Amino acid sequence: MRYDLIFITTALLCLLVGESLGIWMGVAHDFTFAPVHAHLNLLGWVTLAAYGLMHRAYPALGASRLAGPQCALAVLSSVAMPSGIAYAMLTQNPIVAIVAALGVFAATAAFMIMFVRKARLAV
Ligand code: HEM
């Protein structure tokens, strides 16, 4: 599976949406959703692109049994987190953001395990 392409394509889509929201905030002079914009850009674009580039730099990561679940969890929770923040701001209910944050953390922990087990030894 080309995890690098999955991560970088998703990251670029998040950047397009995040930048669109940023342009809208600037035009409308309404910065209410700045935390949504920030998490789309930093979790969606920066973090997912970093995972993609690390898969390019350390191809051994793709051989891990955790690679598929980690990719799915990272992509889903990085999209769910900004959505959950927007939902929390609109409804005062933070449950989606809380679950997404735990997903983001679990994906990071899984990537750490993959890195220690596979990539570190392959270089
Ligand atoms: C077309 C590109 C972009 C535009 C038009 C844009 C616009 C904005 C605007 C209008 C704000 C709110 C400023 C305020 O509250 O006074 C903001 C905040 C922010 N932006 Fe962007 N931005 C862009 C790209 C990015 C990118 C690529 C990143 C990160 C990789 C980023 C990260 C942030 C962060 C961290 C904040 C602060 C959020 C907060 O205070 O809660 N932005 N941006």
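The values are calculated or read from the model by the stated rules, or taken from the named source; none is laboratory data. None of the values given here were measured: they were computed from a predicted structure. FYI the Cβ positions are ideal-geometry reconstructions off the backbone, even for glycines, and counts take in every protein chain you see. Calculation scope for accessible area: heavy atoms of the full protein, side chains included, ligands and nucleic acids excluded. Shrake-Rupley method; radii C 1.70, N 1.55, O 1.52, S 1.80 Å.
A few remarks follow.
- Solvent exposure of the chain amounts to 58 Å² per residue of accessible area, where only protein heavy atoms count and the probe is 1.4 Å.
- Using a probe radius of 1.4 angstrom, the carbon and sulfur fraction of the accessible surface of the chain is 74%.
- Local net charge near residue 66, Cβ-Cβ under 13 Å (Lys/Arg +1, Asp/Glu -1): +3
- Rounded to the nearest 20, the size of the Cβ-charge dipole of the chain about its Cα centre is 620 debye, with Lys and Arg at +1 and Asp and Glu at -1.
- Computed over the Cα atoms of segment 3-122, the ratio of the radius of gyration to the Kirkwood radius (Rg/Rh) comes to 1.04.
- Cβ-based net charge around residue 37, under 14 Å, with every Lys or Arg adding one and every Asp or Glu removing one: -2
- Applying the Karplus relation 6.51 cos²θ - 1.76 cosθ + 1.60 with θ = phi - 60° to segment 43-49 yields 3J(HN,Hα) values of 7, x, 7, 5, 5, 5, 5 Hz, where x marks Gly and Pro.
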